[in-house]
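Participant: Attaching a single structure in structure tokens format; questions to follow.
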Amino acid sequence: MKRIITFGTYDLLHVGHIRILERAAKLGDYLIVGVSSDELNISKKGRAPVYSTADRVEIIESIRCVDEVFVEHSLEEKGQYIKDAKADILVMGDDWAGKFDEFNDICEVVYLPRTEGISTTHYIAEISER
Ligand code: C2G
């Protein structure tokens, strides 16, 4: 039984998010997703997500390939989250390539290619233009 963990904000859910979750799930048997809190996003990106933490958690919980969801409150706790989840593999998009290699001693770290040409930032801009 292989346990997979991945992290993200998943604001304004789009197919890039769905595809990486589905590809992550295929690497094992049980997919755990850390959804980053509004506070963490404000501190790392300088703005709050459009959807609240609670709404983003509810949305990610409803996705078929996702087995378990928790709120990621701090980037510094990542090692602890991985241990608590008893994860065998950490999956991240390749925009994070190399950034989580320090966790190779507690699990396998895999970076999957992002879906080209799609981002929450792009959709926010598109919606405001319209
Ligand atoms: N993603 C993707 N293709 C896109 C956009 C996003 O594959 N076109 C992936 C990202 O690589 C990430 C996941 O979808 O693995 C979630 O993306 P974001 O919501 O942008 O989350 P991020 O800011 O990367 O948060 O602890 C780290 C953070 O919580 C990760």
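Participant: Limited to region 70-87, what total is found for residues that are under 16 Å from the mean Cα position of the chain (by Cα) and touching a residue at least 24 places away in the same chain (Cβ under 8 Å)?
Facilitator: Count: 12.
Participant: Could you say whether any residue in region 34-51 is in contact with a helix residue (DSSP H, G or I) (Cβ under 6 Å, 6 or more places away or on another chain), free of Cβ contacts under 8 Å to residues at least 60 places away in the same chain and closer than 17 Å to D84 by Cα?
Facilitator: Yes.
Participant: For the subset of region 11-46 comprising residues that are acidic (D, E) and more than 13 Å from the chain's Cα centre (by Cα), which member is surrounded by the most Cβ atoms within 10 Å (Cβ to Cβ)?
Facilitator: Our first condition is that a residue be acidic (D, E); within region 11-46, this holds for 11, 22, 29, 38-39.
Remaining after also requiring more than 13 Å from the chain's Cα centre (by Cα): 29, 38-39.
Values: D29: 11, D38: 18, E39: 13.
Only one residue fits best here, namely D38.
Participant: Still on this structure: Could you please tell me which pairs satisfy a Cβ distance under 9 Å, a separation of 6+ or placement on different chains, a first residue in region 89-118 that is free of Cβ contacts under 8 Å to residues at least 60 places away in the same chain and closer than 19 Å to R19 by Cβ, and a second residue that is among the polar types (S, T, N, Q) and surrounded by 11 or more Cβ atoms within 10 Å (Cβ to Cβ)?
Facilitator: none
Participant: I've got another one for you. Mind checking whether some residue in region 3-17 is within 9 Å of the ligand (Cβ to nearest atom), among the β-branched types (V, I, T) and more than 18 Å from I124 (Cβ to Cβ)?
Facilitator: Within region 3-17 (the criterion being within 9 Å of the ligand (Cβ to nearest atom), among the β-branched types (V, I, T) and more than 18 Å from I124 (Cβ to Cβ)), the answer is yes, since at least one residue qualifies.
Participant: Still on this structure: Return yes or no: is S62 small (G, A, S), touching a helix residue (DSSP H, G or I) at 6+ places or on another chain (Cβ under 7 Å) and over 14 Å from T6 (Cα atoms)?
Facilitator: Working: small (G, A, S): yes; touching a helix residue (DSSP H, G or I) at 6+ places or on another chain (Cβ under 7 Å): no; over 14 Å from T6 (Cα atoms): yes.
Answer is no for this residue.
Participant: Right, next: Select from region 1-50 the residues that are of a type in the set (D, E) and in contact with a Cys (Cβ under 7 Å, 6 or more places away or on another chain) and list them in ascending order. Lay out the reasoning, then the answer.
Facilitator: Kept after step one, since they are of a type in the set (D, E), are these residues of region 1-50: 11, 22, 29, 38-39.
Residue satisfying the conditions is E22 alone.
Participant: Take region 102-130 and flag every residue that is charged (D, E, K, R) and surrounded by fewer than 12 Cβ atoms within 10 Å (Cβ to Cβ).
Facilitator: If we filter region 102-130 for residues that are charged (D, E, K, R), which is where we start, we get 102, 105, 108, 114, 116, 126, 129-130.
Within region 102-130, E102, D105, E116, E126, E129, R130 meet the criteria.
Bear in mind that the values in this text are calculations on the coordinates, not laboratory data. From a predicted model like this one, the values you see are computed outputs, not experimental measurements. With ideal geometry, Cβ positions are generated from the backbone for all residues, glycine too; neighbour counts draw on all protein chains shown.
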